[in-house]
Structure formats: structure tokens, C-alpha cells
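Below is one structure; the comments refer to it alone.
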Amino acid sequence: MINIGIIGATGYTGLELVRLVQRHPAGQISFLSSRSQAGKLLSQVHPAGPPLPLIRPEDAPLDAVDVVFLCLPHAASIPAAVQALDAGARVIDLSADFRLRDPAVYAQWYGQAHAAPELLAEAVYGLTEYARDELPAARLVANPGCYPTTNLLALGPVLQAGAAAGTIIADAKSGVSGAGRTPKQHTHFVEVADNFSPYKIGRAHRHVPEIEQGLRRWQPDPPALIFAPHLLPVPRGILATIYVPLRPGWDEERLRAVYEQRYQDEPFVQVLPAGEVATLAHVNHTNRCVIGLTVTAGTLILTAALDNLVKGAAGQAVQNMNVMFGRPETEGLL
Ligand SMILES: NC(=O)c1ccc[n+]([C@@H]2O[C@H](COP(=O)([O-])OP(=O)(O)OC[C@H]3O[C@@H](n4cnc5c(N)ncnc54)[C@H](OP(=O)(O)O)[C@@H]3O)[C@@H](O)[C@H]2O)c1
């Protein structure tokens, strides 16, 4: 069995993780912690949650677990990760705190110096489909963001093939749970319902440097990225439509062969048949990412969808745990 602790269990990703771990045949919840709700049962905080006790983070038996999942806001994850690692646990962090390798880039985008920069070089960026070799030995895994997972899974094959010729435009939409459970004015029901709005367009969203860092793994000097996120009036799901200008000689048939070959053995990434486009209905409440592709006017149009709380967060975290602990990768996720 894998003994599991979850810190920040009352948030949206925390609740999703608890539900996934509960049905995982090798996963055993040792503790769930919460700053604000300690002493209650999770079911008293989330009616759909199981009646498991929430303890204070400072009482968490970190030395009694194999892995700790951190479902905390950025910056809060850093001290929690250091404590868990010091206690001998492995850590899967769902926040952005260990995703960016360069502490200066972290400081620029997250507005404060990184409190444990020495851990950044060690952290494995857990985009599972591209990290399998590194995960089994990892002590610290940085679970990718939801928009980055969508964009990187969609863009990996075309970048690796060297077929992209110019600026990539990623037009992406997210359900409101992507913003977390803490109420904010722009995620208030009245602002979101019957509405549809872009936000942080251009080069303003914190996921931009994360996506760019991922693209550089495949191409040292990748094309520029224009990222346009939107808030969709639905609880969950991400859909990205991504435009990639192509080098001469690349048509749909050739690209489709590249995508099909890259993802044919992937249990959670599906390339859709010609003529089909990705939708939220393909993916919500699953750990899948679906990718559609079309070529028109020398441009590859990718459509990619996933559930931000599952493949974009808790599901990918469990997928990473499975690889880290030598379990079947799909265990508890199908
Ligand atoms: N939502 C998504 O789709 C998504 C996808 C990928 C990654 N992520 C990332 O995953 C992390 C968790 O996201 P979420 O959506 O689950 O957030 P959330 O719903 O806001 O929950 C975060 C939980 O962390 C605890 N917390 C809040 N502030 C804290 C602080 N300063 N120190 C310690 N604990 C604090 C809170 O619980 P208590 O106060 O009860 O302890 C809260 O329930 C974030 O870093 C987010 O960026 C989210």
C-alpha cells in the first residue's frame, strides 16, 4: 500500500484527489489536513466528500507517509514541501511553486523570491507522458498547471517534429473551478453566469512562462507564444484552440501520422479521428486529454480538452504517483 497525506484537502483539487485516492486499490489515506476546517469531517465541508477527519497541518504525521500531496496556493507549498521532504516523505506539489526551473523567472511572475531555490533543480516537472524516465527516482514532483498540461500535450508532437514555422496562438477557455474555491469578484456567480470573458491576454497569465519552458525542452528557440485565456461559465473543463503556422511540406496527413505515432500507446491522450474536434464532453470527470487536428491555409489548428481538476491537477498527480511507486500507470484512474 502507498500511505498518503493530503495537505489542503478542503480545496477543489484536494477534494478531487481524496475521491481518486479513495478508489485507488493501492492508495491509503493516512491524513487530510486543513488550516481553517481542522476538527471537522471533510463531508461537513463538502457534502460530496467522504466523512474523513481533517487535522491541523502542524499535527500531520509526515514521517508516517510515503507521499504527501500539496493542494495549496503557490508560496504556501514551499515550506510544506521542505517539511515533508525533511521528514522523509516524497512530495507531489499541485501548485506552481516548483514548476519553473529559474528562481528569477519565479520571482518575476509570482512577485516574491523563491524560499527554497535549491529544490528547483531537483523537482521533476510531472507532465507524465514526457516525464516517465525521471519520475521513479523523484523525491519532489511539480505537477503541471491545467492550461500548461493542455497546451503542452497538444504542442509536443508538432514542436518535436520541427514543423512549427512562426508565432503560436493559444486561445484557451477554462471552467470556473480553475480559479480555486476562495471567492473572488471575477468568479462570483453573477459575474460568470451568462457571461464569457477573456482575461490576462497576451503575455500576462502566470502559465505563460511554464508553457514556454515546456516548449524549450522540445525546441531550444521555439516560436513565440500568444496566450489568450477565457473564463467559461461552467464549473470545470479546459478547451484550447491553438494555431501553429507550418513549415513548407507539412500537411494534415503527415502531421496526423506524427501525432498518432506519438500518442498511440498513451492511455490518457487520444488523437481524434480526422474531422472531429475536442470538446469538454469528451473529457470531464476523466483523466483524459483529447486532441483534434486540422490543417488549413498552412496552419495547424489544434483543439485540445481536459478536465482541469483531473488530468489538469489531481488525476495527473495520481498518474505521477503511480509511476513514482512502480504501480500500473492507469491504476485508480480508469
Ligand atoms: N483548480 C484547478 O483547476 C487547479 C488545476 C491545477 C493546479 N491548481 C493549483 O493547485 C493548488 C490548489 O488549487 P485549488 O483550486 O484546490 O485551490 P483552493 O480550492 O483555493 O484550495 C486551496 C486550499 O489550500 C488551503 N489554503 C489556502 N490558503 C492557504 C495558505 N496561505 N496556507 C496554507 N493553506 C492554504 C485552503 O484550505 P484550508 O484553509 O482549509 O487549509 C484551501 O482549501 C493551487 O496552487 C492551484 O494553482 C489548481
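The values are calculated or read from the model by the stated rules, or taken from the named source; none is laboratory data. Being a predicted model, the structure only gives us computed values, none of them experimental. Cβ placement follows ideal geometry from the backbone for every residue including glycine, while neighbour counts extend to all protein chains displayed.
What pairs come out if I take residues in the stretch 6-25 that are over 13 Å from S43 (Cα atoms) and of a type in the set (A, V, I, L, M, F, W, C) and pair them with residues that are more than 10 Å from the ligand (Cβ to nearest atom) and assigned to a loop (DSSP other than H, G, I, E, B) whose C-beta lies under 9 Å away, six or more apart or interchain?
Once the first residue is over 13 Å from S43 (Cα atoms) and of a type in the set (A, V, I, L, M, F, W, C) and sits in the stretch 6-25, its partners that are more than 10 Å from the ligand (Cβ to nearest atom) and assigned to a loop (DSSP other than H, G, I, E, B) give I7/A60; L20/N287; L20/G332; L20/L333; V21/G332.
Collect the residues in the stretch 185-225 that are of a type in the set (D, E, K, R), under 29 Å from G156 (Cβ atoms) and either in a loop (DSSP other than H, G, I, E, B) or touching a Cys at 6+ places or on another chain (Cβ under 6 Å) (or both), keeping them in residue-number order. Quick ask: steps written out before the conclusion?
From the stretch 185-225, those of a type in the set (D, E, K, R) are 191, 194, 200, 203, 206, 210, 212, 216-217, 221; that's our starting set.
Imposing the further condition that a residue be under 29 Å from G156 (Cβ atoms) reduces the set to 200, 203, 206, 210, 212, 216-217, 221.
Residues satisfying the conditions are K200, R203, R206, D221.
List, please: which pairs have Cβ atoms under 9 Å, are six or more places apart or on different chains, and start with a residue in the stretch 157-181 that is closer than 29 Å to H285 by Cβ and within 16 Å of the ligand (Cβ to nearest atom) and end with one that is of a type in the set (K, R) and at pLDDT 95 or above?
S174/R236; G175/R236; V176/R236; S177/R236; G178/R236
Considering only residues of the stretch 72-86 that are more than 18 Å from N320 (Cα to Cα), hydrophobic (A, V, I, L, M, F, W, C) and assigned to a helix (DSSP H, G or I), which is farthest from the ligand (Cβ to nearest atom)?
Among residues in the stretch 72-86 that are more than 18 Å from N320 (Cα to Cα), hydrophobic (A, V, I, L, M, F, W, C) and assigned to a helix (DSSP H, G or I), the one farthest from the ligand (Cβ to nearest atom) is V82.
Does A131 satisfy the condition of being touching a helix residue (DSSP H, G or I) at 6+ places or on another chain (Cβ under 8 Å) and within 11 Å of the ligand (Cβ to nearest atom)?
Working: touching a helix residue (DSSP H, G or I) at 6+ places or on another chain (Cβ under 8 Å): yes; within 11 Å of the ligand (Cβ to nearest atom): no.
No; evaluated as a whole, the condition is false for this residue.
Mind checking which residues of the stretch 46-71 are part of a strand (DSSP E or B), aliphatic (A, V, I, L, M) and within 13 Å of the ligand (Cβ to nearest atom)? Even if it seems obvious, please write down each step before you answer.
From the stretch 46-71, those part of a strand (DSSP E or B) are 53-55, 67-70; that's our starting set.
In the following step, the residues that additionally are aliphatic (A, V, I, L, M) were identified as 54-55, 67-68, 70.
Residues satisfying the conditions are L54, I55, L70.
Considering every residue within the stretch 106-120, establish whether at least one is part of a loop (DSSP other than H, G, I, E, B), under 18 Å from the mean Cα position of the chain (by Cα) and surrounded by 22 or more Cβ atoms within 10 Å (Cβ to Cβ).
no
Mind counting the residues in the stretch 87-99 that are touching a residue at least 40 places away in the same chain (Cβ under 8 Å) and more than 13 Å from the ligand (Cβ to nearest atom)?
3
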